[in-house]
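Visitor: Here it is: the structure, laid out below.
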Amino acid sequence: MSCPKNMTGFGPSPIPEEAQWVQAKDITQISGFSHGCGKCAPQQGTCKLTLNVKNGIIKEALVETIGCSGMTHSAAMAGEILPGKTLLEALNTDLVCDAINDAMKNIFLQLVYGRSQSAFSEGGLAVGSALEDLGKTLSSNVGTVFSQEGNGTRYLNLAEGYITKQALDENGEIIGYEYVAVGSLMKMLGDGVDPREAVIKATKTYGRFAEGVTFINPRRDNL
């Protein structure tokens, strides 16, 4: 009788990592910058986890949470836990919050299957390239919009910052908004600028705000 041989010796399929094709056989061969999102079992909150991995080691971690208030403290602890660990260590470590653990699982899949954001970027993302480290007063974005059938839509926080006014046209539709760039505000306050002056300087507008017929405060006015 003849015994057919298994197809061996070809190795794993190569995956793209920081502009290289890698046949990853060991966790130390994994490098990349990517994101993973997760939710907790009762779905009361969610986490977006961002990792910058070099040679299997987590060099940077950004933990963003929304929903359950306890998640903010969980994020603080996870931020202390993650840097310096290998991907496998992090995957098998309790990151305090169910949603953060779920996000870790999902980002692991992104990285080991070559689906990282830096897959085709030579050298990947340099360590220390986070918005907060670049000195441009930028910060992580949290979008918060609240709507009611009878009272319309309220923009509270968008990419640009903390919304202070909404501009409506003659039809009552939103055409722009005024906002405070929080990063710029905090920098000026840190530099000793008078708080009132700092708020004025950090206040900007977006869209066709100047053409508004009606201006409302989304945090106070009844829409």
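Computed from the coordinates by the stated procedures, all read-outs in this text should not be read as laboratory data. In this text, all values refer to a predicted model and were calculated from it rather than measured experimentally. Every residue, glycine as well, gets a Cβ built from its backbone with ideal geometry; the counts of neighbours run over all protein chains shown.
Visitor: If you average the sequence gap of Cα pairs under 8 Å that are 6 or more apart and divide by the length of the range 15-130, what percent do you get for the contact order? Show your work: numbers first, answer last.
Guide: Values: 257 pairs, mean separation 43.6, N = 116.
38 percent.
Visitor: While we're looking at this one, here's another question. Magnitude of the Cβ-charge dipole of the chain, K/R +1 and D/E -1, about the Cα centre, nearest 20 debye? Please list the in-between numbers first.
Guide: Details: 19 positive and 24 negative charges, 74 e Å.
Here the chain has a charge dipole of around 360 debye.
Visitor: Cα axis of helix 98-112 to longest principal axis of the chain: angle in degrees, 0 to 90, nearest 10?
Guide: It works out to around 60 degrees.
Visitor: Tell me the volume per residue, in Å³, of the convex hull enclosing the alpha carbons of the range 15-130. Before the final figure, lay out the partial values.
Guide: Details: hull volume 9.9 nm³, N = 116.
So the per-residue hull volume is 85 Å³.
Visitor: Still on this structure, please answer the following. List the pair-distance distribution P(r) of the range 144-216, using every Cα-Cα distance, as the percent of pairs falling in each 5 Å bin from 0 up to the bin containing the longest distance, rounded to whole percents.
Guide: Answer for the range 144-216: a P(r) of 3, 17, 22, 21, 16, 10, 6, 3, 1 percent.
Visitor: Show me the trypsin sites (Lys or Arg not before Pro) within the range 68-153 that DSSP assigns to loop and that have at most 13 other Cβ atoms within 10 Å of their Cβ.
Guide: Working: sites: Lys85, Lys105, Arg115, Lys136; in loops: Lys85, Arg115, Lys136.
Qualifying residues, ordered by number: Lys136.
Visitor: Ranked from highest to lowest mean number of other Cβ atoms within 10 Å per residue, what is the order of the peptides 149-156, 163-170, 211-218?
Guide: Details: 149-156: 13.2, 163-170: 18.0, 211-218: 15.0.
Put in order of decreasing packing, that is 163-170, 211-218, 149-156.
Visitor: Is there a quick way to get the dipole size of the range 18-117? I mean about its Cα centre, with the Cβ of Lys and Arg at +1 and of Asp and Glu at -1; what is the value in debye to the nearest 20?
Guide: Numbers: 8 positive and 9 negative charges, 45 e Å.
It works out to roughly 220 debye.
Visitor: Give the Rg (one decimal place) followed by the Dmax (whole number) of the chain, computed from C-alpha coordinates and expressed in Å.
Guide: Rg, Dmax (Cα atoms, Å): 23.1, 90.
Visitor: Just flag the trypsin sites (Lys or Arg not before Pro) in the range 1-60 sitting in loop per DSSP whose Cβ has no more than 14 other Cβ atoms within 10 Å. Let's see the in-between values first.
Guide: Details: sites: Lys5, Lys25, Lys39, Lys48, Lys54, Lys59; in loops: Lys5, Lys25.
Sparse-neighbourhood loop trypsin sites (Lys or Arg not before Pro): Lys5, Lys25.
Visitor: While we're here: Calculate one ³J(HN,Hα) per residue across the range 205-211 by plugging θ = phi - 60° into the Karplus curve 6.51 cos²θ - 1.76 cosθ + 1.60, and present them in order as whole Hz with x for glycine and proline.
Guide: For the range 205-211, the Karplus curve yields 10, 9, x, 9, 4, 5, 8 Hz.
Visitor: I need the P(r) histogram for the range 91-223: all alpha carbon pairs, bin width 10 Å from 0 out to the longest distance, whole percents.
Guide: 11, 25, 26, 24, 14, 1
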